[in-house]
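Throughout, read-outs are computed from the coordinates displayed, never taken from laboratory work. This one's a predicted model, so the numbers in the text were calculated from it and none came from an experiment. We place every Cβ from the backbone using ideal geometry, glycine too, and count neighbours over all the protein chains shown.
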Protein chains: 2
Amino acid sequence: MTQPAEAAVATTAERAAMRRALELAAQVPARGPNPRVGCVLLGADGAVLAEGYHRGAGTPHAEVDALRRAAASHGAAAAHGATAVVTLEPCNHHGRTGPCADALLNAGVARVVHAQHDPNPVASGGAARLRAAGVDVLGGLLADEARALNATWTRSLELGRPVVTWKLAASLDGRAAAADGTSRWITGRAARQDVHRLRAGVDAVVVGTGTALADDPDLTVRHVPLTGPQPERVVVGLRDLPASSRLARAAAAGEPVTHLRTHDPHEVLETLGYREHRHVLLEGGPALAAAFWRAGLVDEVVAYVAPVLLGVGAPAVADLGIGTIADAARLDLLDVAVLQRDPADPTDTPTVRLTLRPRKER
Amino acid sequence: MTQPAEAAVATTAERAAMRRALELAAQVPARGPNPRVGCVLLGADGAVLAEGYHRGAGTPHAEVDALRRAAASHGAAAAHGATAVVTLEPCNHHGRTGPCADALLNAGVARVVHAQHDPNPVASGGAARLRAAGVDVLGGLLADEARALNATWTRSLELGRPVVTWKLAASLDGRAAAADGTSRWITGRAARQDVHRLRAGVDAVVVGTGTALADDPDLTVRHVPLTGPQPERVVVGLRDLPASSRLARAAAAGEPVTHLRTHDPHEVLETLGYREHRHVLLEGGPALAAAFWRAGLVDEVVAYVAPVLLGVGAPAVADLGIGTIADAARLDLLDVAVLQRDPADPTDTPTVRLTLRPRKER
């Protein structure tokens with residue numbers, strides 16, 4: 001579809017509005033089924049009519065939020081002939097809310113400037129629908145910034161499954177436990193706290209039955225701020241958990257705990273993806289993590305390495321199917337941080353946190 | 001011995017001269033049997049008469065160097081009534097050169113201000129000797145700075161043996177080789193180069209016969225600047241090396257290669273200490289390193305951890321005699337650095353270097 005030449009370039013006011021829309025979107029934590037989106041409505045004179053952003057599942061999308069505010073401030077016809085500047089291509093999807101493309105058309109918006117193109121196969125097509133209805137549409141303005149705002153969400157939609165982060169804790173010599181099986185604590189207090197931060201950023205926390213039986217973990221987010229519900233707690237494997245275990249008791253109390261009786265990582269992610277989980281934290285144990293790794297289903301590794309030597313003991317990483325050095329699993333190092341020890345506690349230790357991503361060649 | 005009140009405090013000129021003497025000392029790399037020492041001679045009026053520093057084994061000590069320069073510039077009686085400002089207590093030892101205490105007395109120096117007290121049991125006593133001869137002596141000025149200048153030398157003398165640095169290279173999961181034994185290369189190019197920098201700073205490089213037989217290493221310093229001779233190359237263990245091995249050929253060519261037919265780390269360090277080695281780099285293998293560790297003879301660990309997973313394969317660390325987590329060997333983390341990969345080489349990897357010191361509680 002041909003467009004008027006002036007539509008292909010954003011105005012200074014539109015660029016400024018897009019920066020503001022990115023700011024608005026960033027107010028909400030990045031988590032859950034939906035992306036973070038901001039919208040600024042500009043009048044024909046380039047002045048701001050209203051701002052809006054999406055506050056989470058079940059609440060109005062950013063465009064609708066902005067349209068409602070414009071109507072509340074300036075009357076029902078406020079958006080007539082206006083330009084909507086929005087960080088994501090308006091959706092064309094009947095989900096919990098109606099399509100934003102329709103809402104913009106109904107409000108009489110004349111032009112839409114959006115950043116990221118919608119990677120969601122069930123929601124995309126909004127730009128085409130708007131154009132077909134005669135709206136002037138410019139896409140891709142500050143698209144990288146907008147994509148970064150919803151990096152995990154975008155990746156999950158592109159992959160067609162939840163993004164998987166594998167959390168790994170080990171001694172400097174790669175052990176997860178000492179010779180007698182004791183493992184509390186190898187990493188330091190700050191590292192254990194940091195795991196709660198990781199959990200607070202995902203939709204589900206996954207462990208194998210081995211870890212659930214050995215450690216009787218709670219798997220909830222504690223000690224750090226949590227926006228929205230606790231991540232779903234998921235146990236993978238065929239064995240039963242005793243009714244007295246923390247996870248079984250939480251499930252009995254109606255908390256979101258799921259036992260998936262499978263060993264197939266694909267099946268696990270299919271189930272969790274169906275629940276619109278975009279980001280899953282794999283907390284162990286080594287056998288489960290190795291199964292995900294071998295299936296090519298690990299997208300990020302967060303390794304907590306303590307400056308501790310154990311010599312012998314259970315390895316933190318199981319057989320990954322690597323026989324020779326040429327097949328070693330090489331990762332890109334995204335970040336290295338030292339989580340300091342508590343100086344008041346002589347038994348505490350610092351921990352080095354490595355954030356890694358499997359190399360694309362895999 | 002009582003001293004005049006004014007002797008107990010350094011003058012402004014003396015403090016400035018000590019800072020200059022520290023600078024002079026720091027010009028020489030820290031390595032070898034002798035400490036780095038600088039000396040500034042001040043005339044009775046506080047003006048600088050001459051400067052000197054020690055350039056390494058077999059060359060004049062700093063005090064003698066400064067006295068000679070003073071005589072050359074200002075005549076034989078130049079140092080009469082002068083003040084010698086020196087970073088280390090003047091020695092009282094007939095080694096390769098005569099005692100500096102005698103040289104200062106013979107030159108007619110009236111006052112000596114020194115920084116660090118001499119920790120060397122066979123060389124100390126210089127201050128007492130000077131005082132007994134009527135020289136005004138002030139010790140301890142900027143002593144911490146002076147000690148830091150010769151930290152390893154000082155530590156070696158205090159321990160009564162060479163300081164031992166254990167170099168460890170491993171995958172993120174603590175492996176030194178893949179399942180089939182292949183191990184070249186786990187760490188990145190910058191890490192392998194960094195090992196040459198480590199070697200260039202020590203007096204001897206030590207490996208077990210297992211490593212010597214498996215890897216046929218050269219163990220020389222290459223690719224980095226080296227001041228002074230190559231470190232002595234030491235093989236520890238009972239097995240013979242084939243005459244065709246790199247180390248056997250180097251020994252046959254008269255290069256400093258030593259085979260110590262023992263498994264006892266104490267015996268190894270006794271031999272190397274007798275040769276006035278102050279700093280030894282333990283390069284492997286795991287069994288030798290574990291023997292040093294269990295004997296409490298590891299003073300520092302430099303761990304090169306590559307962002308690589310192997311899953312199975314030979315562990316980088318052997319049995320350290322640790323049975324339970326409460327006995328885990330905890331280390332203090334002195335430094336963490338990322339040695340970047342070569343962006344032009346897609347097979348290269350970054351490496352995280354951790355510099356660690358066993359906790360004192362051990």
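In whole Hz and in residue order, list the ³J(HN,Hα) couplings for the range B:184-197 that follow from phi through the Karplus curve 6.51 cos²θ - 1.76 cosθ + 1.60, θ = phi - 60°; x for Gly and Pro.
Calculated HN-Hα couplings, in order: 9, 10, 7, 8, x, 4, 5, 5, 5, 5, 5, 5, 5, 5 Hz.
So how far, in whole Å, is the C-alpha centre of the range A:276-311 from the one of the range A:137-208?
9
Given H placed 1.01 Å from N in the peptide plane, which residues other than close sequence neighbours of A:His279 have an amide H under 5 Å from its amide H?
Placed amide hydrogens put A:Val163, A:Asp203, A:Ala204 under 5 Å from A:His279.
Which residue fluctuates most in the GNM of chain A (Cα springs below 10 Å): A:Ala66, A:Ala47, A:Ala30?
A:Ala47
I need the phi-derived Karplus couplings for the range A:116-131: 6.51 cos²θ - 1.76 cosθ + 1.60, θ = phi - 60°, integer Hz, Gly and Pro marked x.
Along the range A:116-131, the couplings run 5, 6, 6, x, 7, x, 7, 10, 6, x, x, 5, 5, 4, 5, 4 Hz.
Would you calculate a helix-derived [θ] at 222 nm for chain B, using -39,500 (n - 2.57) for each DSSP H run of n ≥ 4 and dividing by the full residue count, to the nearest 500? Please report the intermediate quantities before stating the final value.
Numbers: 11 runs with 103 residues, N = 362.
After summing the helix terms and dividing by residue count, I get -8000 deg cm²/dmol.
For B:Lys360, list the lysines whose Cα falls under 23 Å from its own Cα; do not include residues on the same chain fewer than 8 positions away.
B:Lys167
What is the distance in Å between the Cα centroid of the range B:74-100 and that of the range A:68-93?
Using only Cα atoms, the two centres lie 87 Å from each other.
According to the square roots a ≥ b ≥ c of the eigenvalues of the Cα gyration tensor, what is the shape class of the range A:15-58, taking rounded for a/c under 1.5, prolate for a/b larger than b/c otherwise, and oblate for the remainder?
Numbers: a/c = 3.71, a/b = 2.30, b/c = 1.61.
Prolate is the answer for the range A:15-58, as a/c is 1.5 or above and a/b outweighs b/c.
Restricting to the protein assembly as shown, what percent of DSSP beta bridges are antiparallel, rounded to 5?
Numbers: 50 of 114 bridges.
Beta bridges within the protein assembly as shown, antiparallel portion: roughly 45 percent.
Name the shape class, rounded, prolate or oblate, that the alpha-carbon gyration tensor gives for the range B:1-140, where a ≥ b ≥ c are the square roots of its eigenvalues, rounded holds for a/c under 1.5, and otherwise prolate holds if a/b is larger than b/c and oblate otherwise.
The shape class here is rounded.
Run through the other copies and list how far each one's label point is from that of A:Gly160, in nm with one decimal, shortest first; the point sits 7 Å from Cα along Cα-Cβ.
For A:Gly160, the inter-copy label distances come out at 7.2 nm.
For the rotation that brings chain B onto chain A, whose beta-carbon in chain B is nearest the axis, and what is that distance in whole angstrom?
B:Gly174, 1
Give the order of A:Ile325, B:Ile186 when sorted by the count of other beta carbons within 10 angstrom, beginning with the fewest. Before the final figure, lay out the partial values.
Values: A:Ile325 21, B:Ile186 28.
Arranged by neighbour count, lowest to highest, A:Ile325, B:Ile186 become A:Ile325, B:Ile186.
Which ³J(HN,Hα) values, rounded to whole Hz and listed in residue order, are derived for the range A:146-158 from phi using the Karplus coefficients 6.51, -1.76 and 1.60 in 6.51 cos²θ - 1.76 cosθ + 1.60 with θ = phi - 60°, glycine and proline given as x?
Computed from phi, the couplings for the range A:146-158 are 5, 5, 4, 5, 10, 4, 5, 4, 4, 4, 4, 5, 5 Hz.
Take the alpha carbon gyration tensor of chain A, find the square roots of its eigenvalues, order them as a ≥ b ≥ c, and report rounded if a/c is under 1.5; if not, report prolate when a/b exceeds b/c, else oblate.
Working: a/c = 2.33, a/b = 2.20, b/c = 1.06.
Taking the square roots of the gyration eigenvalues as a ≥ b ≥ c, chain A is prolate.
In nm, one decimal, shortest first: how far is the label point of A:Thr227 (7 Å from Cα along Cα to beta carbon) from the matching points in the other copies?
5.5
Tell me which of A:Gly323, A:Ala133, A:Pro286 sits at the most positive position along the dipole axis of chain A, charges placed on C-beta atoms (Lys, Arg +1; Asp, Glu -1).
A:Pro286
Taking 7 Å along the Cα-to-C-beta vector as the label spot, tell me the A:Thr347-A:Ala16 distance in nanometres, rounded to one decimal.
Modelled inter-label distance: 6.0 nm.
At R0 = 56 Å, how high is the FRET efficiency between A:Glu255 and B:Tyr274 if r is their beta carbon distance? Nearest 0.05 is fine. Show your work: numbers first, answer last.
Working: r = 68 Å, r/R0 = 1.22.
That gives a FRET efficiency of 0.25.
If you count the DSSP beta bridges with both ends in chain B, what percent of them are antiparallel, to the nearest 5?
Numbers: 23 of 55 bridges.
About 40 percent, rounded to the nearest 5.
May I ask you to compute the full-extension gain from A:Gln27 to A:Thr227, defined as 0.36 nm times their residue separation minus their alpha-carbon distance, rounded to one decimal in nm? Write down the numbers at each step before the final one.
Values: separation 200, 0.36 × 200 = 72.00 nm, distance 1.17 nm.
Here the segment from A:Gln27 to A:Thr227 would lengthen by 70.8 nm.
In terms of modelled amide H atoms, which long-range or inter-chain residues lie less than 5 Å from the amide H of B:His54?
Hits under the 5 Å cutoff: B:Val37, B:Ala62.
For the protein assembly as shown, take N as its residue count and report Rg(C-alpha) divided by 2.2 N^0.38 Å. Write down the numbers at each step before the final one.
On the way: Rg = 34.4 Å, N = 724, 2.2 N^0.38 = 26.9 Å.
Expressed relative to 2.2 N^0.38 Å, the Cα Rg reads 1.28.
With springs connecting C-alpha atoms under 10 Å apart, model chain A as a Gaussian network and identify which of A:Trp153, A:Trp293, A:Trp185 has the largest mean-square fluctuation.
A:Trp185
Any idea what the B:Asp45 label distances to the other copies are, label 7 Å down the Cα→Cβ vector, nm, shortest first?
Nearest first, the other copies' label points are 8.3 nm away.
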